[in-house]
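The values are calculated or read from the model by the stated rules, or taken from the named source; none is laboratory data. A quick note: this is a predicted structure, and the numbers were derived from the prediction, not measured. We place every Cβ from the backbone using ideal geometry, glycine too, and count neighbours over all the protein chains shown. For the accessible areas, the whole protein counts, side chains as well, though only heavy atoms, and no ligand, DNA or RNA atoms are used. Shrake-Rupley method; radii C 1.70, N 1.55, O 1.52, S 1.80 Å.
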Amino acid sequence: MEFNPNFQITPIIANRLLEIERHKEVITILPITGKVIASLRETARLMTTHYSTQIEGNTLTEEEVKQIAQGKSGFPGRERDEREVRNYFAALEYVEEQLRQEAPLSEKLIQSIHGMVYNGVRKQSQYRDGQNVIKDGNTRTIVYMPPEAPDVAPMMKTLAQWVNDQINSKELPAPIIAALAHYQFATIHPYYDGNGRTARLLTTFILHKTGYGMKGIYSLEEYYAKNLQGYYNALTVGNSHNYYFGRAEADITPFLEYFTEGMAIAFQRVREKALSYKENEITSGVIYQTEKLRELRPQQRQVLSLFQKSKEVNLREIADHLGVNPRSANGLLKKWIEQGFVQIENNSKKARTYVLDKQWEQVVLNKGDNE
């Protein structure tokens, strides 16, 4: 079964894509510290979990979600809500882990994400074996009847292949690929429950995979939750609630407009937060070097002088500079990549090189100017 989405890049969508790029560029070059990034990332994870589960009817508050994240348990009468939150946190961690390992998008990955969301385990979930329907919460009338069970597996296989083909060809902007994947997953509705949460995590994976991860410091789910009727309306297309009566050929443009608006708003908010942190760190245009350097471990401070001499260095140079063996240096580099201290520049195994993350590159530049 082919997936040939029917849509147009309207002027509204084009303008929002440009807006997303502007916010992305500003956030990328801001010299904010690793500590600030970690704080923004944790806030985003809490918001993502709270709002994504809230969309599905979870009644836990932001503060209660935060308490669960910190290890607290025991919300009498809301054990199901608590379990959903814990599972979603675990699913987020799983997605982040797979991204660090540069795992490709696959059906198995999607099934494992659902396994984490729904059962809290990494076991791949099997697709539904029967028909399910989506009903209006108030009237209980059928809003949408997804494809029949025998069609689910081939449609999911096609979706995974389509996303990979689009990522490789780079013919479509990454936000459009993510939006269309989100829409088609919701269309297929491959599980009896947990489809919405899995679709949103799939979107997160694709955006990170295509360079729109922004270090995990933004959340699209708040926009969905606060514009919930718009979310449902944008997903509801076609002349009939039955998939086979026009859904496949329906114009998806309204959902793309909704999605890109949400992404632009999310990027703008995190840009504003990042700028506010930047203003607190800068006086008369000079970053407080001493405060930033305090965030670093001794070996990180030591290696800064190496990057001051050469923007791009390899494993052997770092090992020699620190006086450790290559294996130990490799272990340090893995931690430093996760912490946002360095980045891989040349990904070749035989000639792999590293550069400082933008924020620390700025520190080195200012350090040199001050000297």
**Asked** Using alpha carbons only, how many degrees (0 to 90, rounded to 10) separate the axis of helix 11-29 from the longest principal axis of the chain?
**Response** 30 degrees
**Item:** Under 19 Å from LYS123, Cα to Cα: lysines that are on another chain or at least 8 residues apart
**Value:** LYS108, LYS157
**Asked** Using the Cα atoms of segment 47-114 to build a convex hull, what is its mean projected area in square nanometres?
**Response** 5.0 nm²
**Prompt:** So what's segment 1-71 giving for Rg/Rh, alpha carbon basis, Kirkwood Rh from the mean inverse pair distance?
**Reply:** 1.14
**Message:** Please compute, over every Cα-Cα pair in the chain, the percentage with a separation greater than 25 angstrom.
**Reply:** 60 percent
**Cα gyration tensor, segment 170-251 - rounded (a/c under 1.5), prolate or oblate** = prolate
**Asked** Hey, got the dipole for segment 298-343? About the Cα centre, +1 on K and R Cβ, -1 on D and E Cβ, debye to the nearest 20?
**Response** 60 debye
**Asked** Angle between the Cα long axis of helix 79-100 and the longest principal axis of the chain, 0 to 90 degrees, nearest 10?
**Response** 50 degrees
**Prompt:** How many angstrom lie between the C-alpha centres of segment 77-111 and segment 191-262?
**Reply:** 18 Å
**Item:** Radius, Kirkwood style, for segment 1-135 when every pair of distinct Cα atoms is counted (Å)
**Value:** 18.0 Å
**Prompt:** To the nearest 10 square angstrom, what accessible area does ARG301 show with a 1.4 Å probe?
**Reply:** 110 Å²
**Request:** With unit charges on the beta carbon (Lys/Arg positive, Asp/Glu negative), name the residue among PRO154, LEU356, GLY213 whose Cα is farthest towards the positive pole of the charge dipole of the chain.
**Result:** LEU356
**Fill in**
For segment 148-198, shape from the Cα gyration tensor axes a ≥ b ≥ c, cut at a/c of 1.5 then a/b versus b/c, turns out oblate
**Fill in**
If one compares the long axis through the Cα atoms of helix 298-309 with the longest principal axis of the Cα atoms of the chain, the angle in degrees, nearest 10, works out at 80 degrees
**Prompt:** Given 0.36 nm per residue, what is the gain on full extension from GLU148 to ASP320 after removing their alpha carbon distance, in nm?
**Reply:** 55.8 nm
**Prompt:** From the phi of every residue in segment 155-164, what ³J(HN,Hα) in whole Hz does the Karplus formula 6.51 cos²θ - 1.76 cosθ + 1.60 yield, where θ is phi - 60° and glycine or proline is x?
**Reply:** 5, 5, 4, 5, 4, 4, 5, 4, 4, 4
**Cα-projected label distance for THR158 with ASN330, points at 7 Å along beta-carbon direction, nm** = 4.4 nm
**Complete:** Among ILE12, MET47, VAL36, the residue whose Cα sits farthest towards the positive end of the charge dipole of segment 1-55, when +1 is placed on the Cβ of each Lys and Arg and -1 on the Cβ of each Asp and Glu, is VAL36
**Item:** Neighbour net charge for PRO11 - beta-carbon separation under 15 angstrom, K R +1, D E -1
**Value:** -2
**Request:** Using R₀ = 30 Å, calculate the FRET efficiency as 1/(1 + (r/R₀)^6) where r is the Cβ-Cβ separation of GLU62 and LEU275; round to 0.05.
**Result:** 0.80
**Prompt:** In debye, nearest 20: dipole of segment 50-153 around its Cα centre with unit charges on the Cβ of K, R (+) and D, E (-)?
**Reply:** 240 debye
**Request:** May I ask for the net charge around MET1, where only other residues with Cβ less than 10 Å from the Cβ of MET1 are counted and Lys, Arg are +1 while Asp, Glu are -1?
**Result:** -1
**Prompt:** When the dipole is taken about the Cα centre of the chain, and only Lys, Arg (+1) and Asp, Glu (-1) are charged at their Cβ, what size is it in debye, to the nearest 20?
**Reply:** 1120 debye
**Message:** Under 20 °C and 1.002 mPa s, how fast does segment 106-183 diffuse according to Stokes-Einstein, given a Kirkwood radius computed over C-alpha pairs? Answer in µm²/s, whole number.
**Reply:** 148 µm²/s
**Prompt:** Where the accessible area of the chain is counted over protein heavy atoms with a 1.4 Å probe, how much of it, in %, is carbon and sulfur?
**Reply:** 48 percent
